[in-house]
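In what follows, a single structure is set out as C-alpha cells and then discussed.
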Amino acid sequence: MDRVPADPQGGLTPAPTSTGASTRTPRGQRLITLMCAFVAGGLVWFATPHGAALLPDSVQYIAAARRLASGFGLEAPNARGDWSALTRFPPLYPGLLAGAASVTGLDPVDIARPLQALISMLNVWLAARLFRRTEVARFAAPVAALLTSVAPSVLRINTQALSEGLFLSLMLLAIDQLLSWGAARSRRTILLCGAASAAAALTRYAGASIIAFAAVMIAVAPRRANEPRRANDLALYLSASASPLFCWLLRNALVAGDAVARSFAVHSPRRQDFQHGLSTVAGWLSPWELPAVVLQPAAQATPLILLLAGLLIVRARSRKRLASPQESRILQAPQTVPTLLGFAAAYLAFIVVARTFVDAAVPFDERLLLPLLVLLGPVAAASAWTTVARRSAAVRVLTRSTIIAWVASLGARSATWANEVRGTGQALEAARWRDSAALAFVKALPDECRIVSNAPDAVYVWTGRPAALLPARTDPITEGVNAGIASELDALQQGVVAGHLTIAHFDAVTWRWYLPSGPQLRAILGDAAPTREVGDGWLAGCGVETIELGGAGGLSPGDS
C-alpha cells in the first residue's frame with residue numbers, strides 16, 4: 001500500500017485511510033484499554049487504604065472544599081493561621097471535591113480516594129482515545145493505555161489528593177478535540193476543545209499553555225474552500241477557553257487584590273533545577289528504581305537518549321516504505337506528531353517561564369513533567385517499533401522485546417511501590433504523622449492557644465485546628481529575603497512568653513528550608529517560655545505544662 005500523502009499546505013488536516021477500512025476500534029485495543037483502566041483504578045485503591053495521600057498543596061484543596069461545602073465560599077488557610085480567599089490555586093479541583101461532598105455527605109478527605117481512582121481510569125481511556133482517533137499506530141494506543149495505568153510516576157500522582165490527575169484528563173481531551181477540529185472543522189469540536197482548555201486552566205494555571213497553543217494552531221491552520229473566516233473559529237475558541245480563566249483572575253483581583261497570589265520577579269532556573277528535571281526523565285527510562293547516587297550520572301546521559309528518540313521519530317516519519325500501514329499511521333498523519341511535539345514544547349516553555357518570572361518554588365519534578373511522559377512516550381515507542389519494521393529479524397526482536405520489557409518493568413515497579421506505601425502511607429498520611437505524639441499534644445491544647453508551626457498543614461489535617469506558619473527568612477516563591485524577620489521573631493517570642501501562642505515544631509519537616517530551624521527557635525526563646533519534648537518534636541508556650549495524655553497516636557484526618 002502506498003504511503004499516506006502529507007497535506008501540501010501542512011497544518012491540522014485529516015489523514016486519509018485505506019478504502020473500506022473500518023473506523024471502529026479493534027476489539028483487542030478496546031479490551032486492552034478496559035483492562036488497563038481497571039488496573040489503574042485498582043492500583044490506586046490498593047495503595048491508599050488510609051485515603052489519598054495529602055501533601056501541603058492537598059491541604060489547601062481539602063480545606064477550600066470543606067469551606068465551600070459549608071457555605072463559606074472558596075477559602076483556604078493562610079500563613080497567619082486564619083482564612084483568606086483561595087487565589088494561589090485554581091478552583092475546579094476543590095470545587096469538584098466540594099460538590100461530591102455536598103451530594104454524598106462525606107468529608108472531602110474521604111472523597112479524594114475514590115475520585116483519584118476514577119480519574120486514573122478516565123486518563124487511561126482518554127490517552128488510548130487520543131492516539132486511536134488520530135490514526136495512531138496499533139502499538140501506540142495500547143502503550144498509551146499501559147503508560148497511564150502502570151507507570152510509577154503516573155501512579156504516584158494518582159494516589160495523591162492533587163489536581164495533576166484531573167489536569168491530565170482535561171489536557172488529553174483538549175488535544176483530542178483540537179485534532180478532531182483539524183479533521184472536521186466543526187463548531188462543535190472547537191467548542192469542546194475550548195471547554196476542555198478552560199477547565200484545564202481552572203484546574204492548574206499551566207492550562208494556559210493549552211489555550212495559547214491551541215489558539216496558535218487554529219490561527220495557522222490552512223483555510224479550506226468554502227470554509228468560514230478563520231477569525232470566527234479563533235474568536236469562538238478564545239471566548240470558550242479564555243473567558244472562564246479571565247473571570248477567575250478578575251474575581252481574585254477584586255476579592256484579594258492579587259490575581260494569582262504571586263508577584264513578578266526574575267529568579268532564573270539554576271543548573272540543579274534542570275538536573276532535577278533530567279533525573280526525573282532518567283527515572284522514566286530506567287527499568288529499575290534508581291537510587292539517588294545513580295540518578296545524577298543517569299541524568300547526564302538523558303539528553304543523548306532524548307536526542308536519539310527524536311531522531312527515531314524523524315526517521316520513522318520520513319521512511320517511504322513501511323511494513324504495515326496499520327502500525328504506522330501515527331507517523332504518517334501530518335497533524336498528529338507535530339501537534340503532540342508542539343504542545344510538549346509549549347508546555348515546557350510555559351513552566352520554564354513561570355519558574356523564571358512568577359514562582360521560584362516551581363520544581364521540575366514528576367508532578368510538573370508528567371504530561372510529557374503521557375504524550376511523548378507512546379510516540380517514541382511507536383517510532384522505534386516502526387523504524388525496525390524492515391530490519392533483520394534479530395533487530396526487530398531485540399528492539400521490540402526491549403520496548404515490551406521496559407513497559408513491563410514499569411508495571412513491576414508500580415506494583416512494588418504500591419505494596420510498600422500501602423502499609424506506610426505517604427506524605428501527611430504516613431504512619432509517622434498518624435502516630436505522632438506531637439500532634440496528639442497539639443490536639444489537646446486549650447482552644448485559646450493560637451498555634452504557630454513549621455507544619456500548619458499537618459496540624460490542620462490531623463487536628464482540625466488552624467495554625468500559622470513560622471516567620472520565613474526567605475520567600476520561597478520570589479526568593480526574596482524577608483526584611484522584617486527580626487521583628488516577626490520578636491513578636492513570636494513575646495507571644496509565646498506571654499502565654500498566648502504555642503510553637504509546635506515537628507522534626508519530620510525538612511523541606512521548608514526557608515523557616516528558622518529548631519535550634520534557632522530555641523535560642524530565640526531561651527528559658528523564658530515553658531518547653532516540652534514530645535518524641536517527634538517539641539512544643540513551647542501556651543498550654544504545654546497542663547497537658548496530660550494517657551497515650552498518643554490513633555488520630556484521624558480532621559479530628560477536632
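Annotations for the structure displayed:
Conditions (1) farther than 17 Å from GLY81 by Cβ; (2) crowded, with 17+ Cβ neighbours inside 10 Å, marked per residue:
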{"position": "THR424", "(1), (2)": "yes, no"}
{"position": "ILE451", "(1), (2)": "no, yes"}
{"position": "THR463", "(1), (2)": "no, yes"}
{"position": "HIS500", "(1), (2)": "no, no"}
{"position": "TRP513", "(1), (2)": "yes, no"}
{"position": "GLY526", "(1), (2)": "yes, no"}
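- Single residue of VAL397, VAL388 found to be crowded, with 16+ Cβ neighbours inside 10 Å, over 34 Å from the mean Cα position of the chain (by Cα) and not assigned by TED's automatic domain parsing to the domain that holds TRP511: VAL388
- Residue match in the stretch 207-223 (condition: loosely packed, with under 14 Cβ neighbours inside 10 Å and either small (Gly, Ala, Ser) or at pLDDT 95 or above (or both)): yes
- Checked against the criteria, LEU489 does not count as assigned to a helix (DSSP H, G or I), touching a helix residue (DSSP H, G or I) at 6+ places or on another chain (Cβ under 9 Å), over 30 Å from ALA265 (Cα atoms) and not assigned by TED's automatic domain parsing to the domain that holds GLY51.
- Unmet requirement for ALA415, which otherwise passes all of (1) aliphatic (A, V, I, L, M); (2) over 30 Å from GLN275 (Cβ atoms); (3) at pLDDT 85 or above: (2)
- The one condition in (1) outside any helix (DSSP H, G or I); (2) among the hydrophobic types (A, V, I, L, M, F, W, C); (3) over 28 Å from the mean Cα position of the chain (by Cα) that VAL362 fails to fulfil: (3)
- Every condition in (1) within 25 Å of VAL362 (Cβ to Cβ); (2) surrounded by 14 or more Cβ atoms within 10 Å (Cβ to Cβ); (3) in contact with a Ser or Thr (Cβ under 8 Å, 6 or more places away or on another chain) is met by ALA504 except one, and the failing one is (1).
- Put simply, of VAL388, VAL379, VAL421 the only residue that is closer than 30 Å to ALA221 by Cβ and among the β-branched types (Val, Ile, Thr) is VAL379.
- Evaluation of ASP57 against (1) within 20 Å of the chain's Cα centre (by Cα); (2) surrounded by fewer than 20 Cβ atoms within 10 Å (Cβ to Cβ); (3) farther than 28 Å from LEU501 by Cα (one fails), failing number: (3)
- Check on ILE218, under 18 Å from ALA345 (Cβ atoms) and more than 21 Å from the chain's Cα centre (by Cα): yes
- So ASP447, is it at pLDDT below 90 and more than 26 Å from the chain's Cα centre (by Cα): yes
- Residue within the stretch 40-59 that is modelled with pLDDT under 95 and in contact with a Pro (Cβ under 6 Å, 6 or more places away or on another chain) present: no
- Counted as qualifying within the stretch 136-218 are the helices (runs of 4 or more DSSP H) with 3 or more residues that are more than 13 Å from VAL124 (Cα to Cα), namely 152-158, 164-184, 187-201.
- Each residue in the stretch 515-524 was checked for being in contact with a Phe, Trp or Tyr (Cβ under 8 Å, 6 or more places away or on another chain) and surrounded by fewer than 16 Cβ atoms within 10 Å (Cβ to Cβ), and 0 pass.
- Residue within the stretch 45-65 that is among the acidic types (Asp, Glu), in a helix (DSSP H, G or I) and within 26 Å of ALA174 (Cβ to Cβ) present: yes
- Some residue of the stretch 367-389 being among the basic types (Lys, Arg), in a helix (DSSP H, G or I), within 30 Å of ILE351 (Cβ to Cβ) and in contact (Cβ under 8 Å) with a residue 12 or more places away in the chain: yes
- Taking the stretch 406-457 as the range and being under 18 Å from LEU54 (Cα atoms) and outside any helix (DSSP H, G or I) as the test, the residues that pass are GLY425, GLN426, ALA427, LEU428, GLU429, ALA430, ASP435, SER436, SER453, ASN454, ALA455.
- Among the residues of the stretch 82-98, those identified as assigned to a loop (DSSP other than H, G, I, E, B) and in contact (Cβ under 8 Å) with a residue 40 or more places away in the chain are ASP82, THR87, ARG88, PHE89, PRO90, PRO91.
The values are calculated or read from the model by the stated rules, or taken from the named source; none is laboratory data. Because the structure is a prediction, the values reported are computed rather than measured. Heads up, the Cβs are rebuilt from the backbone with ideal geometry, glycines too, and the neighbour counts pull from every protein chain shown.
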